[in-house]
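**Student:** Here it is: the structure, laid out below.
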Amino acid sequence: MTATVFNPDPSLVKKRLESQLIIKIAIPHSPNPGTIYPYPAGNTLSNVQNISGVNDAPVKLTFFDPTRPDGHEYRVPFMRVVKDFKWDFIDLGTPANPLHDTLLNTLKLDTAVRFTNRGYTIEVNQVPIGIKGVYQTKYGGQPANDFVFSTPNPAGNYLVIGRTNSFGNSALDSIKGWNSSDRDVEWRFAGDSSWALLRGSTPRTSRWIRVPYTAWQMAKTPNQYDRQVYTVITSQSQDTVWRPTQLLDRAYHGRPMLTFYPVTIVVDSALNTGIAGRYYDDIPTNPISGRTIVYLWSSSATNVQPEVAVNKAYLADLDNDGIPAPAGTVIKFVKYKAIELGDEKSVKTQPVQTANFDEAKQELAKINVFPNPYYGINRAETSRFIRYVTFNHLPAHTKIRIFNLAGILVRTITKRDDPQSQTQFATWDLQNESGLPVASGMYIAYLELKDINDAVLGTKTLKLMIVQEQQFLENY
């Protein structure tokens with residue numbers, strides 16, 4: 001502790017008095033017998049659900065005090081204030097004790113609030129812009145749900161990959177593009193073909209080629225519809241075939257990974273609806289072809305236009321059959337979903353259990369007494385007139401009978417905790433029933449153990465060695 005003597009006169013030197021350094025040792029202990037903490041310290045709940053809407057705004061409820069979970073349900077509704085979305089935090093209580101307490105009101109996104117009395121921190125962040133995952137949603141025309149980014153599909157035919165980093169790995173951010181729309185994109189190998197732009201070094205050297213797939217921007221709401229969109233293929237050889245070649249510095253089962261030329265999927269632009277707002281299946285002969293080439297060529301260039309939904313996704317031909325994906329395959333690029341007006345999320349917590357019989361019974365083996373042996377002093381004692389040993393890991397209801405080696409009952413200690421204030425400890429002040437210090441020697445402690453509901457857990461016997469310091473009796 002430091003105390004400073006302050007004087008406004010700048011010519012005087014400030015004087016400080018510092019107390020002697022005192023080091024306090026804090027040793028955390030395990031939960032009381034029969035108590036189960038549902039979350040360890042630092043645990044962030046993963047069971048956040050959308051009650052209304054489908055947005056991907058990260059809601060993080062993190063417990064820093066494992067003794068505080070209350071079993072309540074919490075809601076995070078979103079609302080628009082002027083141009084920005086904000087959020088509330090509401091405590092709904094439990095089914096047995098319903099509440100509707102607004103704990104926080106109209107907070108900005110990317111804000112975290114710490115509730116010391118509740119033992120947790122709540123944080124709500126902005127929705128990321130980009131691709132959440134790449135999935136095979138159909139295979140052979142049948143529904144599927146397989147993650148296929150940097151991971152082979154179950155049949156081992158292919159995988160989707162982006163540009164690799166210096167470690168030879170590929171992240172979803174490498175293909176996310178610059179389009180802020182949260183509508184998903186599908187890459188369909190359903191037997192249909194479409195026109196793609198084979199991108200050269202300039203718009204003039206670019207050309208149209210036929211590819212064995214179609215690309216679609218998916219509807220998000222009932223008033224929207226799926227829209228077919230264009231793709232751009234980047235090729236170094238400038239041939240007119242979309243084919244696999246070794247482009248990535250990566251191997252598959254010890255052999256070079258063959259990947260098809262990268263595909264960039266370009267979605268609609270509100271500013272260019274006459275050019276890109278519609279897919280034309282006759283594009284090579286359509287009068288709008290030249291303007292579309294310029295638009296797509298620019299859109300697929302790095303950081304030029306925000307219409308790119310998927311940027312340079314490679315399709316690896318793992319079975320080396322020259323087929324990108326079997327007919328009937330649909331690959332979906334799932335985008336992070338933005339916040340909409342009226343969206344609401346829910347997170348439910350589990351309460352701390354304080355009377356779990358099986359858990360309390362398993363704790364019996366941990367019951368002990370310390371310090372043992374007792375050599376005239378206990379480091380936790382604060383005065384020479386206060387002497388004691390501590391029994392730990394005790395259930396809520398415990399009776400301790402202490403005997404000497406002659407079998408004479410020296411002291412009885414009864415511990416009956418209140419359900420709201422349980423402890424696992426009980427102390428013996430090294431005195432007999434008459435309040436006199438016991439003699440040095442060996443003692444036997446016999447413990448009868450019950451839980452908070454008085455259910456019998458069992459018994460336990462402990463040996464305890466006491467070595468008393470010299471006694472100065474004030475009465476005898």
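**Student:** For the stretch 187-206, name all the residues that are loosely packed, with under 15 Cβ neighbours inside 10 Å and under 13 Å from Y295 (Cα atoms).
**Tutor:** Hits for the stretch 187-206 are T202, R204.
**Student:** Given V369, V467, V438, which one is β-branched (V, I, T), buried (at least 16 other Cβ atoms within 10 Å of the Cβ) and farther than 29 Å from N356 by Cβ?
**Tutor:** After ruling out the rest, the residue left standing is V438.
**Student:** With (1) buried (at least 16 other Cβ atoms within 10 Å of the Cβ); (2) assigned to a loop (DSSP other than H, G, I, E, B) as the list, and K132 as the residue in question, which single condition is left unmet?
**Tutor:** The failed condition is (2).
**Student:** Further, regarding this structure: So is D268 in a loop (DSSP other than H, G, I, E, B), assigned by TED's automatic domain parsing to the domain that holds S300, touching a strand residue (DSSP E or B) at 6+ places or on another chain (Cβ under 9 Å) and at pLDDT below 80 or not?
**Tutor:** For D268, the condition - in a loop (DSSP other than H, G, I, E, B), assigned by TED's automatic domain parsing to the domain that holds S300, touching a strand residue (DSSP E or B) at 6+ places or on another chain (Cβ under 9 Å) and at pLDDT below 80 - is met.
**Student:** Okay, next question. Which one of N311, N320, N356 is in contact with a Gly (Cβ under 7 Å, 6 or more places away or on another chain) and farther than 30 Å from P33 by Cβ?
**Tutor:** Step by step, each of N311, N320, N356 is checked, and only N311 is in contact with a Gly (Cβ under 7 Å, 6 or more places away or on another chain) and farther than 30 Å from P33 by Cβ.
**Student:** Still on this structure, I have one more. For the subset of the stretch 340-367 comprising residues that are aliphatic (A, V, I, L, M) and in contact (Cβ under 8 Å) with a residue 40 or more places away in the chain, which member is farthest from T398 (Cα to Cα)?
**Tutor:** Per the stated criteria, the residue is L341.
**Student:** Still on this model: Of the residues in the stretch 212-242, how many are part of a strand (DSSP E or B) and surrounded by 19 or more Cβ atoms within 10 Å (Cβ to Cβ)?
**Tutor:** Residues in the stretch 212-242 being part of a strand (DSSP E or B) and surrounded by 19 or more Cβ atoms within 10 Å (Cβ to Cβ): 9 in total.
**Student:** While we're looking at this one, here's another question. Could you check the stretch 366-411 and list, in sequence order, the residues that are of a type in the set (K, R) and part of a loop (DSSP other than H, G, I, E, B)?
**Tutor:** Once the filter is applied, which keeps residues that are of a type in the set (K, R) and part of a loop (DSSP other than H, G, I, E, B), the stretch 366-411 yields R379, R384, R387.
**Student:** Filter the stretch 141-188 for residues that are of a type in the set (F, W, Y) and either in contact with a strand residue (DSSP E or B) (Cβ under 8 Å, 6 or more places away or on another chain) or not in a loop (DSSP other than H, G, I, E, B) (or both) and give the result.
**Tutor:** F147, F149, Y158, W178, W187
**Student:** From the residues in the stretch 88-110 that are under 20 Å from the mean Cα position of the chain (by Cα) and either buried (at least 17 other Cβ atoms within 10 Å of the Cβ) or modelled with pLDDT under 95 (or both), which one is farthest from A41 (Cα to Cα)?
**Tutor:** Filtering first and then ranking leaves L109.
**Student:** In addition: For the stretch 182-194, check the following and say yes or no: at least one residue is among the β-branched types (V, I, T) and farther than 16 Å from I265 by Cβ.
**Tutor:** Checked the stretch 182-194: no residue is among the β-branched types (V, I, T) and farther than 16 Å from I265 by Cβ.
**Student:** Shifting gears a bit: Please pick out the residue among A380, A426 that is buried (at least 17 other Cβ atoms within 10 Å of the Cβ), more than 13 Å from P33 (Cα to Cα) and either small (G, A, S) or at pLDDT below 90 (or both).
**Tutor:** A426
**Student:** A follow-up question, please. Quick one: which strands (runs of 3 or more DSSP E) sit completely within the stretch 412-476 and have at least 2 residues that are touching a Lys or Arg at 6+ places or on another chain (Cβ under 6 Å) and touching a residue at least 12 places away in the same chain (Cβ under 8 Å)?
**Tutor:** It comes to 441-450.
**Student:** If the Cβ limit is 8 Å and pairs must be 6+ apart or interchain, which residue in the stretch 174-200 that is over 21 Å from Q224 (Cβ atoms) pairs with which residue that is modelled with pLDDT of 90 or more and acidic (D, E)?
**Tutor:** W195/D281
**Student:** Considering only the stretch 403-423, state which residues are within 26 Å of N453 (Cβ to Cβ), surrounded by 16 or more Cβ atoms within 10 Å (Cβ to Cβ) and among the β-branched types (V, I, T).
**Tutor:** I413, the sole residue that qualifies.
**Student:** Here's a follow-up. Which of (1) closer than 30 Å to A360 by Cα; (2) charged (D, E, K, R); (3) at pLDDT below 90 does K460 not meet, given it meets every other one?
**Tutor:** (3) is the only condition that K460 fails.
The values are calculated or read from the model by the stated rules, or taken from the named source; none is laboratory data. Here the structure is a predicted model, which means the values were calculated and not measured. We place every Cβ from the backbone using ideal geometry, glycine too, and count neighbours over all the protein chains shown.
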